[in-house]
Every structure is written in C-alpha cells, then in structure tokens.
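Undergrad: Dropping the structure in here first, questions after.
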Amino acid sequence: MGFLDIRIEKTERAIKQAFMELRAQKPLEKIKVKELCDLACINKSTFYAHYQDIYALANAMEDEMVVESLPQLTARDVSERTEWLTREMFRAFTRNQTEIGILFSGSRQGLFINRVEAAMSKCISESDPSFDADVVRKIVLSFCVQGCYYTFTSYCGQMDEKRLVALLASIARAAQKIRM
C-alpha cells in the first residue's frame, strides 16, 4: 500500500465519520456538502473527487451496511439452513444496529430491509438461476427477510435471542413448505 493509498483511505474515513455525525443529528436532505467538508477537514473538491453528491455518499455507505448485514449464502441455505440464516441475520442486525439506525432513519427508514432482500435475492439467483422464475420461493424469501427484520426491531430484548431465532426459523421452514 502506497502513501497515496493511505491518504485516500484516511480521507474516506474522515468523510464517512463526518457524514455519520451529521446524519445522526439531521435528515439526509438537510446535510450540506460544505458542512460535511468542514467537519471532515477537507476541501469541497476533495469530497467531489470521491462522490458525486451527498446522496451518492449515502448510497455507498448504505450499500456497505447491507453487505455487512448479509451472511454469505446460496439458494440451499435459504431452503435448508433457515435457523443458521435467521441467526446470522440477527447477529448482523445486532452488530450494526446503531449504524443501521443512523443511515436508514427518516425518509430512508424502509430502504434497509428492502435492499437486504434485493441483495439476498441477487445472491441466490447467481447460485441458482431458476430462483428468478420461482415466484413462490421469492415470496417465501420476502416473507422471511421482512418478517425477521420486523420481528427483530419489534421484539429484540423481549425474548431470549436463541428462542426467538428458533421460533422464526420454524416459521420460515413452515412457510417454505407452502407450494401453490
């Protein structure tokens, strides 16, 4: 890694840290590039060398968060390893709960889990192209991902994690048996 790489990495970290500080205080639409640059101690031209605008930065950081929240999986994992998948998603949500809450607050609140579902669908399709044409499997995936996340955000802390994961995994297994 060269000196230039280290500087670029440092600048990226400063931009992202400043963005998270500002995003924790206000909606994305209210964040100005100038105030982010002032907080990150960089010039506006430096910011624009990295990102087109504040929304491009937000999207990049949200994409990173989605990737961090996804376990590596295949189509088989969704149908045969439901408890593992549920547990891994819970762990990722728990590990990143603060950052998810900041990045996906306000007008962006519903985007996180939709992006997680889309990323999982893409991942499964890459390992099993028949998934794209199987509407039932897509609905089951949607039900499981959306349901698990809703349950996580609604009931986290009200039930032992192990019991909650087992319950959600059994619901997911039951949903997978439905064939129309």
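The values are calculated or read from the model by the stated rules, or taken from the named source; none is laboratory data. Since this is a predicted model, take the numbers as computed values, not measurements. Cβ coordinates were reconstructed from backbone atoms using ideal geometry, including for glycine residues, and neighbour counts include every protein chain displayed. The protein model used for the area step is the full one, side chains on, heavy atoms only, and it has no ligands, DNA or RNA in it. Shrake-Rupley method; radii C 1.70, N 1.55, O 1.52, S 1.80 Å.
Undergrad: All but one of (1) in contact (Cβ under 8 Å) with a residue 40 or more places away in the chain; (2) touching a helix residue (DSSP H, G or I) at 6+ places or on another chain (Cβ under 6 Å); (3) farther than 28 Å from K26 by Cα hold for A166; which doesn't?
TA: It fails just one condition, (2).
Undergrad: Here is a check on your reading of the model: is N96 surrounded by fewer than 16 Cβ atoms within 10 Å (Cβ to Cβ) and under 11 Å from the mean Cα position of the chain (by Cα)?
TA: When the stated conditions are applied, N96 does not pass them.
Undergrad: Which pairs do you get when a residue that is at negative phi, found in the stretch 143-156, comes within reach of a residue that is in a helix (DSSP H, G or I) and of a type in the set (D, E), reach meaning Cβ atoms under 8 angstrom, with the pair 6+ apart or on two chains?
TA: Qualifying pairs under 8 Å: V145/E117; Q146/E117.
Undergrad: Please go through the stretch 171-180 and give me each residue that is open to solvent by less than 50 Å² (accessible area, probe 1.4 Å) and out of contact with any Gly (no Cβ under 9 Å at 6 or more places or on another chain), ordered by number.
TA: Q176
Undergrad: Within the stretch 70-86, track down each residue that is open to solvent by less than 50 Å² (accessible area, probe 1.4 Å) and either under 14 Å from A14 (Cα atoms) or part of a helix (DSSP H, G or I) (or both).
TA: A75, D77, V78, T82, L85, T86 - these are the residues of the stretch 70-86 that are open to solvent by less than 50 Å² (accessible area, probe 1.4 Å) and either under 14 Å from A14 (Cα atoms) or part of a helix (DSSP H, G or I) (or both).
Undergrad: Modelled with pLDDT under 95, open to solvent by less than 60 Å² (accessible area, probe 1.4 Å) and of a type in the set (A, V, I, L, M) - does that describe any residue in the stretch 34-51?
TA: So far as the stretch 34-51 goes, no, none of its residues is modelled with pLDDT under 95, open to solvent by less than 60 Å² (accessible area, probe 1.4 Å) and of a type in the set (A, V, I, L, M).
Undergrad: Of the residues M89, M65, M120, only one is in contact (Cβ under 8 Å) with a residue 40 or more places away in the chain, open to solvent by less than 30 Å² (accessible area, probe 1.4 Å) and in contact with a Pro (Cβ under 8 Å, 6 or more places away or on another chain); which?
TA: Checking each option against the conditions leaves just M89.
Undergrad: Please pick out the residue among D134, D128, D160 that is touching a residue at least 40 places away in the same chain (Cβ under 8 Å), open to solvent by 30 Å² or more (accessible area, probe 1.4 Å) and among the acidic types (D, E).
TA: Answer to the selection: D128.
Undergrad: Would you check if there is a residue in the stretch 52-69 being outside any helix (DSSP H, G or I) and either among the polar types (S, T, N, Q) or touching a Phe, Trp or Tyr at 6+ places or on another chain (Cβ under 8 Å) (or both)?
TA: Checked the stretch 52-69: at least one residue is outside any helix (DSSP H, G or I) and either among the polar types (S, T, N, Q) or touching a Phe, Trp or Tyr at 6+ places or on another chain (Cβ under 8 Å) (or both).
Undergrad: Let me ask something else about it. Within the stretch 137-150, how many residues turn out to be aromatic (F, W, Y) and either open to solvent by less than 70 Å² (accessible area, probe 1.4 Å) or within 15 Å of the chain's Cα centre (by Cα) (or both)?
TA: Total meeting the criteria: 2.
Undergrad: Which numbered condition trips up W84, out of (1) modelled with pLDDT of 80 or more; (2) on the phi < 0 side of the Ramachandran plot?
TA: With respect to (1) modelled with pLDDT of 80 or more; (2) on the phi < 0 side of the Ramachandran plot, W84 is out only on (1).
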